Each structure stands twice: as C-alpha cells, then as structure tokens.
1. When the range A:76-85 is examined, which residues are found to be surrounded by fewer than 24 Cβ atoms within 10 Å (Cβ to Cβ) and at the interface with another protein chain (Cβ under 10 Å from one of its Cβ atoms)?
2. Is there a residue being touching a residue at least 40 places away in the same chain (Cβ under 8 Å), within 21 Å of A:D106 (Cα to Cα) and within 14 Å of chain B (Cβ to nearest Cβ) anywhere in the range C:41-48?
3. For residues that are surrounded by fewer than 16 Cβ atoms within 10 Å (Cβ to Cβ) and either in contact with a Phe, Trp or Tyr (Cβ under 9 Å, 6 or more places away or on another chain) or not basic (K, R) (or both), tally how many sit in the range A:65-75.
4. Among C:T113, C:T81, C:T51, which is the only one that is at negative phi, in contact (Cβ under 8 Å) with a residue 40 or more places away in the chain and polar (S, T, N, Q)?
5. Check whether at least one residue in the range B:53-68 is farther than 30 Å from A:F135 by Cα and among the small types (G, A, S), and report yes or no.
6. For the range C:97-110, how many residues meet the condition of being under 21 Å from A:S99 (Cβ atoms) and more than 7 Å from every other protein chain (Cβ to nearest Cβ)?
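Each reported figure results from applying straightforward, stated rules to the coordinates on display, with no laboratory input. Quick caveat, the model's predicted, so the values are computed rather than measured. FYI the Cβ positions are ideal-geometry reconstructions off the backbone, even for glycines, and counts take in every protein chain you see.
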Amino acid sequence: MVKHVQIEFQTDTHHKMVDITTRVEEALEQTGMADGAALIFVIGSTGALSTIEYEPGLQRDFPELMQRLIPQDLDYRHNQTWGDGNGHSHLRATLLGPSLTVPVVDGKLVLGTWQQIVFLEFDNRPRNRRLLVQFMGETR
Amino acid sequence: MVKHVQIEFQTDTHHKMVDITTRVEEALEQTGMADGAALIFVIGSTGALSTIEYEPGLQRDFPELMQRLIPQDLDYRHNQTWGDGNGHSHLRATLLGPSLTVPVVDGKLVLGTWQQIVFLEFDNRPRNRRLLVQFMGETR
Amino acid sequence: MVKHVQIEFQTDTHHKMVDITTRVEEALEQTGMADGAALIFVIGSTGALSTIEYEPGLQRDFPELMQRLIPQDLDYRHNQTWGDGNGHSHLRATLLGPSLTVPVVDGKLVLGTWQQIVFLEFDNRPRNRRLLVQFMGETR
C-alpha cells in the first residue's frame, strides 16, 4: 500500500521547533498500515525535519546552535537580492534537510522513548506549514 | 513497482551545486510511477544531496557557509595520509548526507514552488558523478 | 516485501564512529531482497547515521569537526536540567539525523568503493545501541 496524508499547522514564532510525533502517529492509524515506512517531507525551502528529545532545555539549545553556526545577521547574497532577510533560514534548511523517514513495525512508529519527530521552523516570520507524509508498506 | 535509473553528469568547478530536479522528473516519467517515493543516492563520499531555492544568491551563500564551517585549508589527518587535499570534502559530505527521499503523488515529485533538488559537489576537482534514483510505489 | 532486522552493538568509547556496512549487508542477505531500499534508523536521540570513507584519518577528523561545531563543554540548558552532561550529544544527533536510506539493486547495497555506512556515537558514555533496518522492495 501507498497512501499519503498532509499535515498542516501554523508556526507562531520563528526559529522554534514543533513536535509533530502525535500528528504522524494519528495519520499512520488512519492508513491501517502494519509494516513499512513513513516518509515525512517539508514542502518549502525554509523548514526542516529531524528527531530530538523534546524538552525545554534542548528547545532553546538547538536554535542557539543554529544562530552560532549560521547567524541571522550576516550579509547573505540572498538577502541583497530578495530583501526578505531570510538567507539564514534557507541555509539552515538545506543543512538539516527536508525529509525524514521513520520505520513502522506492528502499526507503530519505531522511535526511542525520548525521541520525538520535530519540524524545525527556520523562517523569520510565522508560516502556515504543510508536510506530506507518504506511508509505504503492508496493511494488517 | 521498484525501478532504478542512473543519472550521470560532469561537474566542472568544485564547491558548486547542480540543480538535478528536471533530471529526476524525467526519470520519474520514464517509470510510469503514480504514487510512491524517489530515493536519490550519491555513489561516492565527497558529494551530497539536499533541497534549496536555486537562485544565484544562495548558490554563492551555501559554499561560503561550508567554507566557514569546514574550511578547506585546515590540517586534516585525511590529507596527511592521502595527499589529495580533500579532507574537507569528505567531512562536508558526511555532514550533509548522501541520500534524499522525495515523495511522488499523482506522477509528480512533491516539492515547493521555490524548492529544487540539488547535488552538492564538495570535491576539489571536476568529477564525473553518478547518482542512483530508486523509484518505489504504485504504477498508474 | 517488507522485512525488518535489528542490529545491536556496544560502543566502547564516546564520539567514535562504527562501520556497520557488513552488518547491513548480512541482514540484507537474510531477507532475500533483490531490489528496493534499506532504511536504517537509530532508536535513540544521541546517535546518528551517515556514510564516510572509513579510514583512520577521517575517523579522527570527524569527531574533531563535531567538537569545533558543537563543543562538549558549552553551558547547554539541557545539562542544567538533566545533569548528564550530554547536551552536545543531542544537538549533534539532531544535526546529523537518525535515518539513512540506501538503495538495493540485484541483492547488493549501492555504495561507492570508498563509501561505508557508519553509526556516529555522540553520547559521552558507552552505550548498547539498537538500529532498526527496514528492507522494502522485491524478492528474487
């Protein structure tokens, strides 16, 4: 079986991460898939996906890391051309990557106890975000 | 259905990115796949894949970012052993990763309007590059 | 066909990489899969996967790169809360990512000659590690 689900949400502050684990689990249950994989993909070029222990400390440590590695206020050529000031957002998104694939076994996402799936908002303004989740595998 | 296509191209200057979106779309059309995923994989250890808004500003910003994070001229142990001066290329490739999976819905790659699939050439000399694209899903 | 295999191993020193290519190849042979993909996934939030030329120089260059980009001894909020001193481990794991998908053609992993699959141990103590490999594709 191959079945896709779209997940949409609003991000209200930039450089935040959003725990989407429950949303992906709910989508998985709808499909009735038993074994396979969930391919999660960011439609857009200023957000990314990964996993993290979703706790308040790391929710602040990770954006600070991004600011150290790819500062918001450097003179990026993208900003000179487009004037939207989000050159750093694009670079962070390319570094982290738009896709994440999580295995599914016995109808459940395979994740560690302290491992959540997060959408990383890198843009400098609130966005309406769309993710596509492609479920591929065998039904029960 | 499972079907693979090889994509080959020459890179003429190092540290450049190559927009391969059209090549992947053409390969997808050949397969007749309607819904599933395109797994794109770099065969080799000095190149990587991601998505980006492929415009002239970011085409220069991204290599500059790589040079800031993983400078070419540090004294890497890889260079001491092999003498080919591309230690930075290997490290950049490992950080970015060799694989990218893009969902396919209704015979089309699911991508944002300003989101292109790029091959990131990290080696310090022109290379003949081979990517394998594995298409997995359902035919029309 | 969809079939998963668990790979387990002990890591004895932190910040090391482990070549798991042979383990994945052996698991692939057990499945009898001819064409498809091997999705490898880290169950846990302080390790990651990528590919690299697994040679002694890069085995030391890569941990040094991680220490430059995400130093162990910064005052991460995660450490203030949990006291286990591995904030850097979580951040490195999120940056690198928990999943890697490698194509399979004619019963073999598609990899370059000098390209190995590595588990990246980022935690600050020895760990018993579990990876799940989900094989999806067509049998011979």
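1. To start, the set of residues in the range A:76-85 that are surrounded by fewer than 24 Cβ atoms within 10 Å (Cβ to Cβ) comprises A:77, A:79-85.
Selection gives A:R77, A:N79, A:Q80, A:T81, A:W82.
2. yes
3. Of all residues in the range A:65-75, those surrounded by fewer than 16 Cβ atoms within 10 Å (Cβ to Cβ) come to A:67-68, A:71, A:73-75.
When the remaining residues are screened for being either in contact with a Phe, Trp or Tyr (Cβ under 9 Å, 6 or more places away or on another chain) or not basic (K, R) (or both), the result is A:67, A:71, A:73-75.
Count: 5.
4. That would be C:T51, the only listed residue that is at negative phi, in contact (Cβ under 8 Å) with a residue 40 or more places away in the chain and polar (S, T, N, Q).
5. yes
6. 2
Table: residues versus (1) surrounded by fewer than 21 Cβ atoms within 10 Å (Cβ to Cβ); (2) of a type in the set (A, V, I, L, M, F, W, C); (3) within 9 Å of another protein chain (Cβ to nearest Cβ).
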{"position": "B:M1", "(1), (2), (3)": "yes, yes, yes"}
{"position": "B:T13", "(1), (2), (3)": "yes, no, no"}
{"position": "B:V24", "(1), (2), (3)": "no, yes, no"}
{"position": "B:Q30", "(1), (2), (3)": "yes, no, no"}
{"position": "B:I52", "(1), (2), (3)": "no, yes, yes"}
{"position": "B:R60", "(1), (2), (3)": "yes, no, yes"}
{"position": "B:P63", "(1), (2), (3)": "yes, no, no"}
